[in-house]
């Protein structure tokens, strides 16, 4: 094959740097590079670049290439395909948090005139709208968006494949409609809104709508011979929110940090936690699910959150594991076969198993309210024992002490109550009830009464207590 290195793999020097030398043990770094090398060789991709995030920063990056001495680095752009959907979802959640829409709103309320108007915004975000997976022909990923200039060109006259809201069915046009929704409410092109509201505040200067040098070229690899076919880098127009973006390993590491911890300039951590929760029943394999713009997967005993991506000429894998405080990216410039999602998941496994994260050191509370301290200790729901613990910033934690142990955390509210954050009591109110003498009588947890003794004091127990009390038989 002629030397086409400048066209095949545009790089900025061909180095394979680690931005933070020594951040991981040499044995771990070698294992990461080995996994990347296996992915590039077995996936028969012209190049593959990977990176790992820990402690809020990129701690490793590496690459392999078909051209000796010309491997990409973490600043080389690749097309990231459906990882673009995570950016689209963040823009929609920003609109929700600003009060400009509700996720339960039908699309028609904000974007009238589409054939999908009865689907809600939430259903579009989690692929439960029942819409078709793809646009009418021609194949949108490989043809110019100018062939589909209107929103009506993205949907068939009858675009629903399933009843709205009943099941998961992945839909690329659904995300194009969400992008159009953003444009309608912001009165700017989707890509410009993304740049102003997300990319620039997060310092993601190498994530763009169209490729900017240095960037990789996209290729198809023949299934039965080791030969290449260049893929056209089409500008998909209105379908951009479904898969248009180009990015780098370094920029996606910044994206992983944001999706884990949040950033007040873009989206709060609480909203991102909402995006990471399952939003629709999985279709088939219970090890996979979907949140609000984010894929969920259980792999090697870990819950991973992120997204895969594919466009003609490119594959991308992007996962984060908040519990292990590690994230990983794998990018390749081949249409199929590279298995970047599996590579990224394995990069997480390698780091998590070889260098598990250290827990935060225990420290006493800086100050404590005696009234809250007096609430701690054993409580009873009927005869079932529980324990209430005091945490930082007046948060409470309720733990079951028998049977299937459940733990629920509670956030303090300005009115002196608490709100459940997770588990069975998520969203439920917890309040302290005082007796006539001002002392604490019991706790009211979403109408459940918790008392200091099993079914006592009797006057606090719904339905009363047998006056003979506890008896031997």
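Listed here are the residues, each with its yes/no results for (1) outside the structural domain of residue 144 (by TED's automatic domain parsing); (2) modelled with pLDDT under 95; (3) buried (at least 23 other Cβ atoms within 10 Å of the Cβ); (4) in contact with a helix residue (DSSP H, G or I) (Cβ under 9 Å, 6 or more places away or on another chain).
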| residue | (1), (2), (3), (4) |
| --- | --- |
| 263 | no, no, no, yes |
| 284 | no, yes, no, no |
| 288 | no, yes, no, no |
| 296 | no, no, no, yes |
| 306 | no, no, yes, yes |
| 316 | no, no, yes, yes |
| 330 | no, no, yes, yes |
| 346 | no, no, yes, yes |
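Taken across region 358-379, residues that are touching a residue at least 60 places away in the same chain (Cβ under 8 Å), over 24 Å from the mean Cα position of the chain (by Cα) and not in a loop (DSSP other than H, G, I, E, B) do occur, with at least one present.
Of the candidates 176, 129, 180, the single residue that is part of a loop (DSSP other than H, G, I, E, B), at pLDDT 95 or above, surrounded by 18 or more Cβ atoms within 10 Å (Cβ to Cβ) and under 25 Å from the mean Cα position of the chain (by Cα) is 129.
For every residue, the table says whether it meets (1) touching a helix residue (DSSP H, G or I) at 6+ places or on another chain (Cβ under 7 Å); (2) within 18 Å of residue 83 (Cα to Cα); (3) surrounded by fewer than 16 Cβ atoms within 10 Å (Cβ to Cβ).
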| residue | (1), (2), (3) |
| --- | --- |
| 158 | no, no, yes |
| 165 | yes, no, yes |
| 172 | yes, yes, no |
| 184 | yes, no, yes |
| 189 | yes, no, yes |
| 196 | no, no, yes |
| 204 | yes, yes, no |
| 210 | no, yes, yes |
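Residues in region 355-386 that are out of contact with any strand residue (DSSP E or B) (no Cβ under 8 Å at 6 or more places or on another chain) and either surrounded by 14 or more Cβ atoms within 10 Å (Cβ to Cβ) or on the phi > 0 side of the Ramachandran plot (or both): 355, 382. Looking at this structure, is residue 280 over 20 Å from residue 326 (Cα atoms), touching a helix residue (DSSP H, G or I) at 6+ places or on another chain (Cβ under 6 Å) and either surrounded by 15 or more Cβ atoms within 10 Å (Cβ to Cβ) or free of Cβ contacts under 8 Å to residues at least 12 places away in the same chain (or both)? For residue 280, the condition - over 20 Å from residue 326 (Cα atoms), touching a helix residue (DSSP H, G or I) at 6+ places or on another chain (Cβ under 6 Å) and either surrounded by 15 or more Cβ atoms within 10 Å (Cβ to Cβ) or free of Cβ contacts under 8 Å to residues at least 12 places away in the same chain (or both) - is not met. Take the conditions (1) closer than 22 Å to residue 272 by Cα; (2) touching a helix residue (DSSP H, G or I) at 6+ places or on another chain (Cβ under 6 Å); (3) not assigned by TED's automatic domain parsing to the domain that holds residue 198; residue 88 misses just one of them, which is (3).
The values are calculated or read from the model by the stated rules, or taken from the named source; none is laboratory data. Since we're looking at a predicted model, the values are computed, not measured. As a convention, Cβ positions derive from the backbone with ideal geometry for all residues, glycine included, and neighbour counts pool all protein chains shown.
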